[in-house]
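Read through the structure below, which is laid out as structure tokens, and then see the notes.
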Amino acid sequence: MDFLRYLTRQPSLELTVFSYTPADTAHAYWGLEADGCVSHDLGRRLTLGPSMLHFRMLNPWLLKRFDAVAVTAHSNLTSLLAYFWCRFWRIPYVYMADTVDERLTASVFRAIKAAIYQRAAFLFVTGCVSKRFFKERYGVPDSKLLAGYYSFDYEKIRAWADEGRRQRDAVRCGLGVAQDDELSIMAANFQPFREQLGLIRRFERRPAGHLLLIGEGTCLPACRKYVESQGLSSRVHFLPGMSFEDLVRLLPAGDVYVHTGREPYSTMPLLARLAGLRLGDHGDIPAFEDLEGEAVSEAFDAPVVAARFAERCLSATSK
């Protein structure tokens, strides 16, 4: 949402946003919709497995009025139609995704994807792992890759974290964490691919320290049951999902951010670094590679990303 807000402020750029769904049901408690720019729901859709086909996208003239179109790859059928109409009307398009590997590897799918990538004005991706995937697998030159698909307003996040830091002692006291004890935090919904139960079991072998798990989901009851059965309730703590701002304010109560499992990307390591936490135990989470340096790169600072994105879009429309 920070990225879109700054994108609307770019000179010579008028933005219209279409959304695949009315709201982010997976993180409803974050409350980001209320803070974002106005978007237009694409409306009625046919859901086929993980993909959606929005009937409105069948209209050939829906995208014709735009000078450039940026399309996220999170709904394959709708995305494919958008790419098709852009090619039909000769409109420059931007491919946006958090891709770091691929599920569809048959030659016909690879050919379709290669054509989409090569004909895009540029690819807007998450970070270095995603850039490496497109360069090595599809030969996309670095000049056509822009990182920052998930970005935040650093100044705002750090201000929230500074306010939260003043509550650090009170939060730790409420959890029963001594000021000298190390508190590790993981904030993510409890889904099988995140493997929070495995994290708890590894943490159990440590002689000291505390672990705070924040979120909701299908695997939460099993994690709670294990913690209780093993007598870990004094060291492993749970908090429910909370608003995005409250989550950022809570992070400074911790010392280390951990994130297990496997997923294309997570924004939490970046938020944790901006809040002053060290990065610790993690699974196959590409975001950690983007944050290995001592300083946090400006590559994910929303004002910087929005300016770079707008510059590339304007360049594509002028050709």
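Here, each number is a calculation from the coordinates, and none is a lab measurement. Treat the numbers as computed from the prediction; the structure is a model and nothing was measured. Cβ atoms come from the backbone with ideal geometry, glycine included; neighbour counts cover every protein chain shown.
Observations on the model:
- Residue order, fewest to most surrounding Cβ atoms within 10 angstrom, among C219, C173: C173, C219
- Value of relative contact order over the chain, rounded to a whole percent, pairs C-alpha under 8 Å and six or more apart: 19 percent
- Considering helices alone, the calculated mean residue ellipticity of the chain at 222 nm is -10500 deg cm²/dmol, with DSSP H runs of length four and up weighted by -39500 (n - 2.57) and normalised per residue.
- Each Lys and Arg contributes +1 and each Asp and Glu -1, all at the Cβ; summed about the Cα centre of region 191-319, the dipole is approximately 360 debye.
- Neighbours of L77, meaning other residues whose beta-carbon lies under 13 angstrom from its beta-carbon, give a summed charge of +2 when Lys and Arg score +1 and Asp and Glu score -1.
- Anisotropy class of region 144-219 from Cα gyration tensor, a/c 1.5 cut: oblate
- All other residues whose Cβ lies under 10 angstrom from that of A121 are scored, Lys and Arg at +1 and Asp and Glu at -1, for a net of +4.
- Here r is the Cβ-Cβ distance between N76 and Q167 and R0 is 51 Å; the resulting FRET efficiency, rounded to 0.05, is 0.70.
- Relative contact order [Cα under 8 Å, 6+ residues apart], region 132-257, whole percent: 34 percent
- Top of R165, R87, R103 by mean-square fluctuation, Gaussian network on the chain, Cα under 10 Å: R103
- Rounded to 5, the percent of DSSP beta bridges in the chain classed as antiparallel: 10 percent
- Shape class of region 155-297 from the alpha-carbon gyration tensor: oblate, with a/c at 1.5 or above and b/c at least as large as a/b.
- Summed residue charge, Cβ within 15 Å of Q10's Cβ, Lys/Arg positive, Asp/Glu negative: -2
- Fluctuation leader among F124, F300, F109 - the chain, Gaussian network, Cα springs under 10 angstrom: F109
- Comparing R44, R56, R206 in a Gaussian network model of the chain (Cα springs below 10 Å), the most mobile by mean-square fluctuation is R206.
- Given +1 at the Cβ of Lys and Arg, -1 at the Cβ of Asp and Glu and no other charges, the dipole of region 151-257 around its Cα centre is 340 debye to the nearest 20.
- Reachable lysines, given that their alpha-carbon falls under 28 Å from the alpha-carbon of K64 and they are not under 8 places away in the same chain: K113, K144, K319
- When both region 151-215 and region 227-289 are represented by their alpha-carbon centers, they are found 5 Å apart.
- DSSP bridge orientation in region 43-100 - percent antiparallel, rounded to nearest 5: 50 percent
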